[in-house]
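Have a look at the structure below before the remarks.
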Amino acid sequence: MGDSVTRRQFVAAAGAGGLGLAYASNSRLAVLGGEPVRKAPFPSWPVIGSPEENGLLEVLRSGKWFRGYGDVVNRFEKQYAELTGARHCLATASGTAALFTSLNALDVGPGDEVLVPPYTFIATINVVLLQHAIPIFVDTDIETFQMDVTKVEPAITERTAAIIPVHLGGAAVNMDTLLAVAQKRKIPVIEDACQAHLGEWRGKKVGTLGTTGCFSFQASKNLNSGEGGAVLTNSDELAEKAYAFHNNGRGRGVGGYTFSYRAQGSNERMTEFQAALLLAQMTRLEEQARLREQNAAYLTQMLNEIPGIQVAKTYSGCTRNAYHLFMFRYRKEAFAEAPLEKFLKALRAEGIPCSAGYSPLNKEPFIKNVLNSKGYRRIYPEKLLKQWEERNQCPMNDRLCQEAVWLTQTMLLGTRQDMEQIAAAVRKIQANAGDLRSV
Ligand SMILES: *Cc1c(COP(=O)(O)O)cnc(C)c1O
């Protein structure tokens, strides 16, 4: 990094510190009774207006609430496919349903292993267990918070039936390395892009690079219909299989809703109401994504100047971060050894909502219980189930879970001044880190 960049960052940080400096060394932490840096709330979510109201009322009054009667889900699928550049889009009831449908379309089931990251939302793991397959955890790259794809190949066995990389927080997994291994070993890739709407890898939308790509439109996500999901694929065959699976085994077109079955299936369908909300929310998606990017860039610059704070890095191939989360590492060495919980408590008291994010999912006792269940013991050799524990080592992820701090995407929809106050609050805590002892 050149001098000029460093100086520019310093000036930006110092400028922002007009606010920050006022709190520097002599002002009391809010958690200890001092004045908080900020009292105003951050922007609320979801953002709604007449497009949402009109879309919902239209579906309501039409009486066509089911995708088999109306055309709104079809319209959403077409638009989302166009937006992402995917050949096919299948709308589903949730992101979990999208992952579940993908695994079924790809015939992943009992006897199979699926490579997953330990740093993700639990749904990524649950769908593997629902298929009576075994989740094999691949450690995390602590710098980026993403699956460490250099550890994928050593984890592959003859049972490996799929890899589920998660574009965590909206930034892409290293897809060059991952796809090279997957192609070499002929293993399908199910991208979990549930947090990565409009995220890109080398100019292509994430969710279109793997065998399938899965999205969530659950209430917290950057594209929101309360619940909802989608599967993207460029394969005609998989699109048909996924459609049939999500529609009780009934195919598309004539006979789609008659009693003729192609395969085992489920009902994972989206309602017309959800699709109407998504079409309305999509009119705001690009503008919101741009605002998050701008604010995140400004905040990253300011926070990285603070000793002990390291914002999650992205791979150079990640040409667009969707910023579902703004994530950084807190190094207690630079904060008088104060544990993460105290830092979070102090930051919240300054008026900045934050959390510690995920716990290490590979250590969840329920997973071991499932692997020890009667069904799993019938399917898998005892030796294999025993080896699972030896293989299940993710030391970098364990460390990350003790250092991670998350801010939510809605905070990034605020103003530049909001970002300055976030940085000011962290700077204030840093300057008074010794006082965290009495928190
Ligand atoms: C939200 C999410 C899911 C599940 O989506 P739902 O719509 O809540 O079922 C799966 N994976 C990740 C990474 C998520 O963030």
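The values are calculated or read from the model by the stated rules, or taken from the named source; none is laboratory data. The shown structure was predicted, so the numbers you read here are calculated from the model rather than taken from an experiment. Positions of Cβ are backbone-derived with ideal geometry, glycine not excepted, and every protein chain shown enters the neighbour counts. These area figures cover heavy atoms from the full protein model, side chains too; ligands, DNA and RNA do not enter into them. Shrake-Rupley method; radii C 1.70, N 1.55, O 1.52, S 1.80 Å.
Some points to look at:
- Calculated on the Cα set of the stretch 299-389, radius of gyration then Dmax: 19.9, 55 Å.
- Residues residue 348 and residue 260, FRET efficiency given R0 of 35 Å [Cβ-Cβ distance, rounded to 0.05]: 0.05
- Note on the chain: GNM, Cα springs under 10 Å; of 385, 90, 115, the largest mean-square fluctuation is that of 385.
- Most mobile listed residue (217, 137, 335) in the chain, GNM with C-alpha springs under 10 Å: 335
- Apportionment of accessible area to carbon and sulfur, the stretch 297-439, percent (1.4 Å): 50 percent
- FRET efficiency estimate (nearest 0.05) - Cβ-Cβ, residue 75 to residue 252, R0 22 angstrom: 0.90
- Put simply, when 262-268, 371-377, 297-303 are sorted by average Cβ atoms within 10 angstrom per residue, most first, you get 297-303, 262-268, 371-377.
- Per-residue Karplus couplings for the stretch 309-314, computed as 6.51 cos²θ - 1.76 cosθ + 1.60 with θ equal to phi - 60°, are listed in order as 10, 9, 5, 3, 7, 10 Hz, Gly and Pro entered as x.
- Accessible area per residue for the chain is 43 Å², calculated with a 1.4 Å probe on protein heavy atoms, without ligands, DNA or RNA.
- Approximate spin-label separation residue 392-residue 186, in nm, with each point projected 7 Å along Cα-to-Cβ: 3.1 nm
- q = 0.09, 0.12, 0.13 Å⁻¹: log10 I(q)/I(0) that the Debye formula gives for the stretch 73-204, counting C-alpha atoms only: -0.25, -0.45, -0.53
- Gain in span if fully extended, residue 364 to residue 151, counting 0.36 nm per residue against the direct Cα distance: 74.6 nm
- Over the chain, volume per residue of the alpha carbon convex hull, in Å³: 154 Å³
- With Cα atoms, 0 to 90° folded angle of helix 3-22 axis to the chain main axis: 70 degrees
- Per-atom-type breakdown for the stretch 211-259 gives carbon and sulfur 58% of the accessible area (1.4 Å probe, protein chains only).
- Cβ-derived FRET efficiency at R0 22 Å, residue 333 paired with residue 438, nearest 0.05: 0.65
- Candidate cross-link partners of residue 428 among the lysines, defined by an alpha-carbon separation under 22 Å and a same-chain spacing of 8 or more, comprise 39, 332, 342, 345.
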